[in-house]
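Have a look at the structure below, then the notes.
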Amino acid sequence: MEKIKIKETTKTPSVSFDPEQGLFEMRGKSIPENSNGFYGPLIQYVEKYAGSPAERTVLSVRFEFFNTSSSNRIHALFKRFERIFLADRDVLIRWYCENGDENMRDAGKDFKAILQVPFEIVEVDEL
């Protein structure tokens, strides 16, 4: 599989997926006009990756903000990583948020509560 690199825009996060290394990262804002259009190909990519994942898979998420429609698609993406974990693979989701950003910390806690995959919430001084 080839790597995916998508540059951040004012409405969509940057995306860096490196399947060989098992390193996946998204950062920025997620308020796309069409969340299915943006996240659909990423979800399909992870489904394909799940057929032959790396020894360890780490997804790092550093959102400044995301809207409700993005939340649904982000959850669908996380479920694909959860399936890899439930197939007895080493998977970790790291949810980064700024210290004091209760909304983003709570969003991370909500995702953690509904997923069956190792999920860390990491508070940092700056995203």
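The values are calculated or read from the model by the stated rules, or taken from the named source; none is laboratory data. From a predicted model like this one, the values you see are computed outputs, not experimental measurements. Every residue, glycine as well, gets a Cβ built from its backbone with ideal geometry; the counts of neighbours run over all protein chains shown.
General remarks:
- THR57 being in contact with a Leu (Cβ under 8 Å, 6 or more places away or on another chain), in contact (Cβ under 8 Å) with a residue 24 or more places away in the chain and of a type in the set (Val, Ile, Thr): yes
- A residue that is small (Gly, Ala, Ser) and either surrounded by 14 or more Cβ atoms within 10 Å (Cβ to Cβ) or at pLDDT below 95 (or both) occurs nowhere in region 78-97.
- Those residues of region 66-77 which are over 20 Å from MET1 (Cβ atoms), crowded, with 17+ Cβ neighbours inside 10 Å and not polar (S, T, N, Q), in sequence order: PHE66, ARG73, ILE74
- Test: residue in region 52-65 that is part of a loop (DSSP other than H, G, I, E, B), surrounded by fewer than 16 Cβ atoms within 10 Å (Cβ to Cβ) and out of contact with any Asp or Glu (no Cβ under 6 Å at 6 or more places or on another chain): yes
- Subset tally (residues that are closer than 25 Å to GLY37 by Cα and among the polar types (S, T, N, Q)) for region 67-119: 6
- Test result for ARG105, basic (Lys, Arg), without any contact (Cβ under 8 Å) to a residue 60 or more places away in the chain and under 18 Å from GLU25 (Cβ atoms): no
- Of all residues in region 27-52, those satisfying the criterion of being of a type in the set (D, E, K, R) and touching a residue at least 40 places away in the same chain (Cβ under 8 Å) are ARG27, LYS48.
- Conditions (1) touching a residue at least 40 places away in the same chain (Cβ under 8 Å); (2) within 12 Å of the chain's Cα centre (by Cα): number failed by TRP95: (1)
- Residues in region 71-127 that are over 15 Å from ILE43 (Cβ atoms), touching a strand residue (DSSP E or B) at 6+ places or on another chain (Cβ under 8 Å) and part of a helix (DSSP H, G or I): PHE85, MET104, ARG105, ALA107, GLY108, LYS109, PHE111, LYS112.
- If you check GLY100, GLY108 for being farther than 19 Å from LYS5 by Cα and under 13 Å from the mean Cα position of the chain (by Cα), only one passes: GLY108.
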